[in-house]
């Protein structure tokens, strides 16, 4: 399930990158004067997935430690 979520995020980021690239090609002069946002939506999504992964990893190692 985690891989599916990450695949979706990567797909969305690649699509967004393609759109930015297309905009830059269509507006070569304006690209130096346009302010793009910080892409917080993608950053927040990746941070959430990182937190979930770290939590799962911590729980997994805790289970291994208790099993020994």
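Every number here is computed from the coordinates shown, using simple stated rules; none is lab data. Keep in mind it's a predicted model, so treat the numbers as computed, not measured. Neighbour counts run over all protein chains shown; Cβ positions are idealised from the backbone, glycine included.
What the table below lists for this structure:
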| read-out | value |
| --- | --- |
| Qualifying residue in the range 60-68 (condition: under 23 Å from the mean Cα position of the chain (by Cα) and surrounded by 10 or more Cβ atoms within 10 Å (Cβ to Cβ)) | no |
| Cβ pairs under 6 Å, 6+ apart, first in the range 1-21 and surrounded by 10 or more Cβ atoms within 10 Å (Cβ to Cβ), second part of a helix (DSSP H, G or I) | 9/45; 13/42 |
| Pairs where the first residue, in the range 30-55, is under 21 Å from residue 8 (Cα atoms) and the second is surrounded by fewer than 11 Cβ atoms within 10 Å (Cβ to Cβ), C-beta under 8 Å, 6+ apart | 49/2; 52/2; 53/2 |
| Members of the range 35-59 found to be surrounded by 10 or more Cβ atoms within 10 Å (Cβ to Cβ) and either in a loop (DSSP other than H, G, I, E, B) or touching a strand residue (DSSP E or B) at 6+ places or on another chain (Cβ under 7 Å) (or both), listed by number | 39 |
